[in-house]
Each structure stands twice: as structure tokens, then as C-alpha cells.
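The structure under discussion appears below in the form of C-alpha cells.
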Amino acid sequence: MRYVYIIMFVLTFLSCQDKNKEATLRLVKEWNGKEIKFPAHSIFTIQGKDTVDFDFRDSEYKIVTYVDSVGCTSCKLHLERWKTFIKDVDSVMNGSVPFVFVFHPKNVKELRHILRGHAFNYPVFFDEKDDFNVLNRFPSEMMFQTFLLDKENIVMALGNPVLNPQIKDLYLKQLGRYSIDSVPNTTVNVMETEYDFGVISQSDKHTHVFQLVNTGEYPLVVSDVVPSCDCTQVQYDHSIDSGDTLNLEVIYSPDEVGLFYRSVDLYLNVKESPVTLWIKGGVSKQ
């Protein structure tokens with residue numbers, strides 16, 4: 001069957017992290033091979049202002065992501081990671097795969113500000129009436145609101161490639177231009193998994209260094225680092241030898257006043273991957 005391999009591939013990586021494997025299985029089976037429908041009148045703009053002529057319907061492949069209005073908008077967008085992924089796909093597909101961004105904003109002004117702040121100059125559709133979701137009834141989980149489609153808008157794969165490196169590999173593999181390298185597993189000792197900044201100022205950047213010791217036989221390789229919010233950046237070495245210490249500098253730039261609790265998922269060549277680190281604290285105006 002055409003999509004059986006894709007279903008099993010997705011489950012191999014998602015179900016190991018998903019607390020409800022049966023629900024994940026049902027979701028993947030439901031959406032693989034399903035047609036995604038688009039509103040008849042979709043107006044695409046740059047940063048919600050300048051209208052652009054964006055024709056993607058006849059493309060051999062397209063990557064579509066929908067962002068709903070639930071929760072923290074800036075935490076869900078991950079625009080810098082999307083920009084990097086777009087460049088990766090463009091480099092192997094010669095710019096032939098369009099990226100279709102559909103946003104159902106709860107605050108149009110805020111979304112425009114976020115897009116400008118990240119210099120996100122790709123076409124976007126501000127779907128204020130949520131027509132796209134009404135037509136398709138997307139899953140409520142953010143991880144499953146992104147799709148790789150073929151020319152007939154049939155789902156070839158689903159999952160957010162900027163939040164999970166295995167899903168990224170799956171997308172590139174389905175495009176026929178990528179091979180997944182196997183890295184031997186090692187073991188790691190995480191010195192701490194959570195750090196409390198206490199009360200900090202909104203106007204400053206704040207850093208903390210987490211340390212991981214490679215206790216195994218093989219090099220420790222960081223395949224990807226996924227912060228829960230664009231307000232959190234991470235600097236790190238991509239690999240260290242056996243016995244060495246990996247230093248991850250987490251840089252937090254407060255995006256709002258109040259309590260915060262942010263995560264950083266580390267995708268490593270260890271059995272328990274991803275390893276999740278947490279930062280927390282409170283942000284004051286001063």
C-alpha cells in the first residue's frame with residue numbers, strides 16, 4: 001500500500017515520545033493519503049501587508065503548515081527554524097518546493113510585529129475567519145498541523161519538521177534527496193535538567209550553561225536542539241568525544257512580563273533522546 005511505509009516511519013520516531021501511541025497511530029493513518037483542501041480565495045502577503053502573487057497549487061510537492069490561535073503565538077511559530085529549513089530544502093530541490101504558511105491569528109497586529117521582527121519575508125495567509133481549518137478540521141496538536149503534499153494535495157507525510165529532526169529527515173527522504181546516517185548510541189550524564197533564573201529584568205538577556213558528560217564509548221553527537229520558544233537560543237558544540245563535557249549555553253530573552261517555564265529538547269545519539277532541559281523564573285519590567 002502506498003502510504004504504509006510512511007506510516008511506520010513516522011511512528012518509529014513519534015510513538016517513542018508520544019504518551020498515547022494508539023492515538024498517534026490513528027492520527028497518522030487518518031491523515032496519510034488524505035486530500036488537503038484550500039479556500040477558494042486565499043490572499044497571501046509579506047508580513048501581513050504587501051499582497052503577493054503566490055501560485056503553489058500545481059507544484060509537484062508543497063509543504064503546508066497551519067498555526068491556530070490557541071496559546072502563545074510567538075512560542076508556536078519558530079520562524080528562525082523555518083527559515084533554516086526552507087534554505088535546506090531549497091538547496092536540494094532548487095527552490096521548487098513552495099512553503100505555504102496559513103495563520104489564524106488571535107491578534108493580527110501582534111503577528112505582523114513578530115514577522116517583521118524576524119524579517120520573515122515568505123508569503124503568508126492571514127486566515128482571520130479560519131476557513132482553512134473549517135475545510136479540513138486539522139488535529140489540535142501543533143506537531144500534526146504541518147504536511148508534505150504531492151501535486152494533487154494528497155498528504156505524503158505529516159509532522160512538524162522544525163520541531164523534530166526525524167520528521168525533517170522524513171520530509172527530505174520523501175523528496176528523494178536525502179539519506180539518513182546511522183550514529184552509534186552512547187550514554188550521557190546530565191548534570192542538571194532544570195535551572196531557576198529567579199526574578200529577572202525584561203530588558204536584558206540571561207544565560208545559563210547546562211553540562212552533559214559523555215559517559216559512553218562513542219562520540220556524543222547533537223543532531224538538533226529545539227527550544228520551545230523563539231525567545232530561547234542555544235549555543236553548543238555539535239559533538240564531543242568519550243569522557244568529555246558538552247556545554248550548552250541557553251540564552252533567554254524575555255518576551256513578556258510574568259512567570260515563565262521554557263524547555264529545550266536535545267536530540268542526541270542516546271537511548272533516552274530527546275533529553276529535555278528546563279529554565280524557569282519570573283520577569284519584571286525593570
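The values are calculated or read from the model by the stated rules, or taken from the named source; none is laboratory data. In this text, all values refer to a predicted model and were calculated from it rather than measured experimentally. In this analysis, Cβ positions are derived from the backbone assuming ideal geometry, glycine residues included, and neighbour counts consider all displayed protein chains. All accessible areas refer to the heavy atoms of the entire protein, side chains included, with ligands and DNA or RNA removed. Shrake-Rupley method; radii C 1.70, N 1.55, O 1.52, S 1.80 Å.
Listed conditions (1) within 27 Å of Met93 (Cα to Cα); (2) touching a residue at least 12 places away in the same chain (Cβ under 8 Å) are all met by Phe210, apart from (1). Checked against the criteria, Ser228 does not count as closer than 22 Å to Leu163 by Cβ, free of Cβ contacts under 8 Å to residues at least 24 places away in the same chain and open to solvent by less than 80 Å² (accessible area, probe 1.4 Å).
Each row is one residue, and each column tells you yes or no for (1) at pLDDT below 90; (2) within 14 Å of Gln202 (Cα to Cα); (3) open to solvent by 30 Å² or more (accessible area, probe 1.4 Å).
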position	(1), (2), (3)
Ile240	no, no, no
Leu248	no, no, no
Tyr252	no, yes, no
Val257	yes, yes, yes
Ser263	no, no, no
Leu266	no, no, no
Trp278	no, no, yes
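Residues in the stretch 190-205 that are of a type in the set (Asp, Glu) and over 24 Å from the mean Cα position of the chain (by Cα) were compared, and the one that is least open to solvent (accessible area, probe 1.4 Å) is Glu192. Restricting to the stretch 31-72, give me the number of residues that are closer than 22 Å to Lys168 by Cβ and surrounded by fewer than 13 Cβ atoms within 10 Å (Cβ to Cβ). Of the residues in that region, 1 qualify. Being open to solvent by 50 Å² or more (accessible area, probe 1.4 Å), out of contact with any helix residue (DSSP H, G or I) (no Cβ under 9 Å at 6 or more places or on another chain) and either at pLDDT 80 or above or in a loop (DSSP other than H, G, I, E, B) (or both) is a condition met by at least one residue of the stretch 2-14. Looking only at the stretch 198-225, residues that are closer than 25 Å to Asn164 by Cβ and not in a strand (DSSP E or B) come to 3 in all.
Any residue that is more than 30 Å from Val97 (Cβ to Cβ), outside any helix (DSSP H, G or I), of a type in the set (Val, Ile, Thr) and open to solvent by 50 Å² or more (accessible area, probe 1.4 Å) - is there at least one of those in the stretch 179-186?
Our first condition is that a residue be more than 30 Å from Val97 (Cβ to Cβ); within the stretch 179-186, this holds for 184-186.
Remaining after also requiring outside any helix (DSSP H, G or I): 184-186.
Within this subset, residues satisfying the condition of being of a type in the set (Val, Ile, Thr) are 186.
Restricting the remaining residues to those that are open to solvent by 50 Å² or more (accessible area, probe 1.4 Å) gives none.
No - not one qualifying residue is present in the stretch 179-186.
Can Ile167 be described as open to solvent by 10 Å² or more (accessible area, probe 1.4 Å) and part of a helix (DSSP H, G or I)? When the stated conditions are applied, Ile167 does not pass them.
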